[in-house]
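Shown next, in structure tokens, is the structure this report addresses.
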Amino acid sequence: MTNKPIYVTQPSLPILQEYNELLKQIWESKHIANNGPFHRQFEKELCNYLKIPYISLFSNGTLALITALQALRITGEVITTPYSFVATTHALHWNGIKPVFCDINEHDYNINADKIEALITPKTTAIMPVHVYGNPCDNNKIQKIADIYGLKIIYDAAHAFGVEKNGESILNWGDLSILSFHATKTFNTVEGGAIVTKDEILKTRIDYLKNFGFADETTVIGYGINAKMNELIAAYGLLQLKTIDENIRKRQDKVNLYRNLFQNTKGITFLPDFENIKHNYTYFPIFIDKNKFGKTRDEVYNLLKEHNIYARRYFYPLISQFNAYKELPTAAKENLPVATQITEQVLSLPLFAELENENIQRIVKIINE
Ligand code: T4K
């Protein structure tokens, strides 16, 4: 144990010598971008690992979200959650779509499916839920509403790499799911992202759109963008797949240790493992009720900082509280009572595979005392 700063996360990296070997191959072939051999292999291996039929790789999760909305030609209004990273709603804005904020559940902090229907208008074309902290949304209810009203579903599954329900990937839910492979995620490719689809033709469309819309040298099928993953990143990702299971196992041990150490702390709650779910342990958020705990979330956040420990308030403020969105009719706090309460209580504690148990004990001790 040292007194080095401890951040909310620290990326796991592939073994440098192994990466050098793959880089040598790239240097020899000179194929460094645009659907090269490592890119194709990475897509194939991800499909196997994630138990999904098709995936399109992206340079980051935000561009994957923006492109997913383009691919399905989503317009008008989209119902989404305010309790997420701001990229979720920004992707709507970049498509000229009006976000409609729906409150979250009290048990998992995902979009409250019972409140979606009341927000549907003639302009609604889709629902964009987020599997926040990798905990699966209530897909059955959301899909039923989408079917009745003829809406598309795009899951922001940025946190949900490898998450399964009853042995099946939750990435197969809805029309499309997007992933983030950012440095701060359980599975990282430095930066990166993906769109998961069950439809081969839709995958082709997505692949065209992420490459300027080019279907061939002279045909452009739409307003494409450049959002491709390059070969250096795809090779890095292939190596990350070798250690991801071990990485998740280590994270699970850390989460269990935190849970044990906090089990008798009055005023601090955390999310459980949910039944029949294979979790990926990307975050460890705690929720601090100041009336029962005696200190506010921000007091705890600042106290940890004094000890060189940098927890993060994922997700505070709510997206609906940012200047860019706060004037929207559904952004009012009265419409979002659960999200408004949770955003004031949340603190994501440091969690990564190499985090030492002694440091977890130290973090909990600082908070408990
Ligand atoms: N949808 C959702 C629901 C998302 O959560 C996100 C991203 C997206 C969409 C968009 O996906 P991407 O376009 O990002 O692929 C981070 C990440 O940048 C972002 O990817 C993530 N969600 C969000 C929740 O968190 P910051 O601003 O908090 O990250 P940063 O740079 O402050 O990093 C946190 C800590 O991690 C640092 O204090 C130290 C450590 N760190 C970070 C990096 C980048 C390292 O040790 N090494 C590193 O290289 O946003």
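The values are calculated or read from the model by the stated rules, or taken from the named source; none is laboratory data. Quantities reported herein were computed from a predicted structural model and do not represent experimental measurements. No Cβ is skipped: glycine too gets one built from the backbone with ideal geometry, and neighbour counts run over all protein chains shown. For the accessible areas, the whole protein counts, side chains as well, though only heavy atoms, and no ligand, DNA or RNA atoms are used. Shrake-Rupley method; radii C 1.70, N 1.55, O 1.52, S 1.80 Å.
Loop-only check: which chymotrypsin sites (Phe, Trp or Tyr not before Pro) in region 158-259 are DSSP coil with at most 10 other Cβ within 10 angstrom?
Numbers: sites: 161, 173, 181, 187, 208, 212, 214, 223, 236, 258; in loops: 161, 173, 181, 187, 212, 223.
Answer by residue number: 223.
By the scheme Lys and Arg +1, Asp and Glu -1, what is the net charge of all other residues having a beta-carbon under 12 Å from that of residue 238? If you can, show how the numbers build up before the last one.
Working: positive: 40, 44, 242; negative: 18, 21, 43, 45, 231.
Neighbourhood net charge equals -2.
Among residues other than residue 144 whose Cβ falls under 13 Å from its Cβ, what is the net charge (Lys/Arg +1, Asp/Glu -1)?
Numbers: positive: 141; negative: 114, 117, 138, 147.
After counting each charged neighbour, the total is -3.
Looking at region 201-297, which trypsin sites (Lys or Arg not before Pro) are in a loop (DSSP not H, G, I, E or B) and have at most 12 other Cβ atoms within 10 Å?
Details: sites: 203, 205, 210, 228, 242, 249, 250, 251, 254, 259, 266, 278, 290, 292, 295, 297; in loops: 210, 228, 266, 295.
In loop regions of region 201-297 (DSSP not H, G, I, E or B), the sparsely surrounded trypsin sites (Lys or Arg not before Pro) are 266.
On full extension of the chain, what length is gained from residue 166 through residue 20, given 0.36 nm per residue of separation minus the C-alpha to C-alpha distance? Each step should come with its number before you reach the end.
Numbers: separation 146, 0.36 × 146 = 52.56 nm, distance 3.85 nm.
Taking 0.36 nm per residue and subtracting the Cα distance, the gain is 48.7 nm.
Cα atoms only, the chain: Rg and Dmax in Å?
20.8, 67
Provide the per residue accessible area, probe 1.4 Å, for region 244-368, rounded to a whole number of square angstrom.
On the way: 6140 Å² over 125 residues.
Roughly 49 Å² per residue, with all protein chains present.
Please report, ordered by residue number, every helix of the chain (full DSSP H runs) that is 18 Å or longer along its axis going by C-alpha atoms and whose mean Kyte-Doolittle hydropathy reaches -0.5.
Working: long enough: 16-29 (20 Å, -0.86); 37-50 (19 Å, -0.91); 231-262 (44 Å, -0.42).
Those that clear 18 Å and a mean of -0.5 are 231-262.
Keeping the other protein chains in place, figure out the carbon and sulfur percent of the accessible area of the chain, with a 1.4 Å probe. List each step's numbers first, then the result.
Details: 8570 of 17080 Å².
Whole-percent figure for carbon plus sulfur exposure: 50.
State, to one decimal in nm, how far the label point of residue 217 lies from the label point of residue 274, with both points 7 Å from Cα in the Cβ direction.
Label-label distance for residue 217 and residue 274, simple model: 5.0 nm.
Of the chymotrypsin sites (Phe, Trp or Tyr not before Pro) in region 264-331, which ones lie in a loop per DSSP and count no more than 16 other C-beta atoms within 10 Å?
Numbers: sites: 270, 274, 281, 283, 287, 293, 301, 310, 314, 315, 322, 325; in loops: 274, 281, 283, 314, 315, 322, 325.
Passing sites in region 264-331 are 274, 322.
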